[in-house]
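**Q** Structure in structure tokens, see below.
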Amino acid sequence: MKSFIDLVEIHKRLDELFLEHQRSLLRLDLMAASAALEAYTIELFAHMRVEEDVMIPLYRERVEAPVGGTAEIFLGEHDKMRQYLLLFKEELTKLAEAEDLERAVIFLLDSQHIFKRLLVHHDSRERKMLYPLLDQSTTEQERETMFASLKFPPATTMATASFE
């Protein structure tokens with residue numbers, strides 16, 4: 001990887017994990033839905049940690065942030081994502097006790113729609129601002145050094161973990 005924009009591939013993997021969670025909900029398979037949500041949460045939090053520990057500080061230091069692209073906006077969206085995921089986890093545990101499981105699942109899926117809209121806006125902001133502006137403000141050598149120190153999960157080729 002020689003470009004920050006290549007990290008957008010991580011978002012595709014995350015989208016697939018969240019889709020698997022929602023498919024499991026549709027099948028009323030609460031154990032699979034919970035496992036998929038947990039896998040999604042772990043990977044998303046790791047990805048956000050790399051952004052928060054390395055990329056956003058670099059962005060603050062080197063980039064004149066455009067309107068709608070400040071570091072605070074990215075961090076605020078990360079906080080909202082964390083809050084939603086905690087809420088979803090709580091709601092999943094309540095589903096096992098629900099009198100009307102289908103109604104409860106529909107309620108959860110409806111609440112996840114707002115989360116998914118947040119993800120779309122966040123992804124768009126990263127694609128249009130964060131990643132391209134980081135590419136412009138770093139040298140190829142800096143990017144190579146930075147990406148070389150990313151840890152890759154064994155089953156994927158994406159950089160979702162932390163720096164060594």
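The values are calculated or read from the model by the stated rules, or taken from the named source; none is laboratory data. Just so you know, these numbers come straight off a predicted model, no measurement behind them. Cβ: placed from backbone, ideal geometry, glycine included. Neighbour counts: every protein chain shown.
**Q** In the stretch 68-109, what residues are more than 23 Å from Glu52 (Cα to Cα), out of contact with any Leu (no Cβ under 8 Å at 6 or more places or on another chain) and of a type in the set (D, E, K, R)?
**A** Result: Glu90, Lys94, Glu97, Glu99, Asp100, Arg103.
**Q** Specify which of the listed residues (Val54, Val8) is under 24 Å from Thr145 (Cβ atoms) and either aromatic (Phe, Trp, Tyr) or touching a Lys or Arg at 6+ places or on another chain (Cβ under 8 Å) (or both). Break it down into steps so the answer makes sense when it comes.
**A** Working: Val54 fails: either aromatic (Phe, Trp, Tyr) or touching a Lys or Arg at 6+ places or on another chain (Cβ under 8 Å) (or both).
Only one candidate qualifies: Val8.
**Q** Something else now. Farther than 17 Å from Leu75 by Cα, modelled with pLDDT under 95 and assigned to a helix (DSSP H, G or I): which single residue out of Ile42, Ile10 fits that description? Talk me through it step by step, then tell me what you get.
**A** Values: Ile42 fails: modelled with pLDDT under 95.
Just one listed residue meets the conditions, Ile10.
**Q** Residue by residue through the stretch 24-50, note down the ones that are among the charged types (D, E, K, R) and in contact with a helix residue (DSSP H, G or I) (Cβ under 7 Å, 6 or more places away or on another chain).
**A** Pass one, the stretch 24-50, residues among the charged types (D, E, K, R): 27, 29, 38, 43, 49.
Scanning the stretch 24-50 gives a single hit, Glu43.
**Q** Next question. Restricting to the stretch 86-129, count the residues that are of a type in the set (A, V, I, L, M) and within 20 Å of Glu72 (Cα to Cα). Walk me through how you get there before you give the answer.
**A** Quick first cut of the stretch 86-129, residues of a type in the set (A, V, I, L, M) only: 86-87, 92, 95-96, 98, 101, 104-106, 108-109, 114, 118-120, 129.
Still in the running and within 20 Å of Glu72 (Cα to Cα): 118-120, 129.
Matching residues across the stretch 86-129 total 4.
**Q** Additional query: Taking the stretch 54-94 as the search range and keeping residues that are hydroxyl-bearing (Ser, Thr, Tyr) and within 19 Å of the chain's Cα centre (by Cα), which one is surrounded by the most Cβ atoms within 10 Å (Cβ to Cβ)? Walk me through how you get there before you give the answer.
**A** At the first step, the residues of the stretch 54-94 found to be hydroxyl-bearing (Ser, Thr, Tyr) are 59, 70, 84, 93.
Filter again for within 19 Å of the chain's Cα centre (by Cα), leaving 59, 70, 84.
Working: Tyr59: 22, Thr70: 17, Tyr84: 17.
Residue satisfying both the conditions and the ranking: Tyr59.
**Q** Would you check if Leu28 is at pLDDT 95 or above, touching an Asp or Glu at 6+ places or on another chain (Cβ under 8 Å) and more than 30 Å from Ala148 (Cα to Cα)? Working first, answer last.
**A** Values: at pLDDT 95 or above: yes; touching an Asp or Glu at 6+ places or on another chain (Cβ under 8 Å): yes; more than 30 Å from Ala148 (Cα to Cα): yes.
Criteria met by Leu28.
**Q** When the stretch 69-111 is examined, which residues are found to be closer than 17 Å to Glu126 by Cα and of a type outside the set (Val, Ile, Thr)?
**A** Gly69, Ala71, Glu72, Phe74, Leu75, Gly76, Glu77, His78, Asp79, Lys80, Met81
**Q** Within the stretch 148-160, restricting attention to residues that are surrounded by fewer than 17 Cβ atoms within 10 Å (Cβ to Cβ) and out of contact with any Ser or Thr (no Cβ under 7 Å at 6 or more places or on another chain), which residue is modelled with the highest pLDDT? Show your work before the answer.
**A** Taking the stretch 148-160 as the starting set, the residues that turn out to be surrounded by fewer than 17 Cβ atoms within 10 Å (Cβ to Cβ) are 148-149, 151-157.
Narrowing further to those that are out of contact with any Ser or Thr (no Cβ under 7 Å at 6 or more places or on another chain): 148-149, 152, 154-157.
Details: Ala148: 80, Ser149: 77, Phe152: 48, Pro154: 42, Ala155: 42, Thr156: 41, Thr157: 36.
Within the stretch 148-160, the match that is modelled with the highest pLDDT is Ala148.
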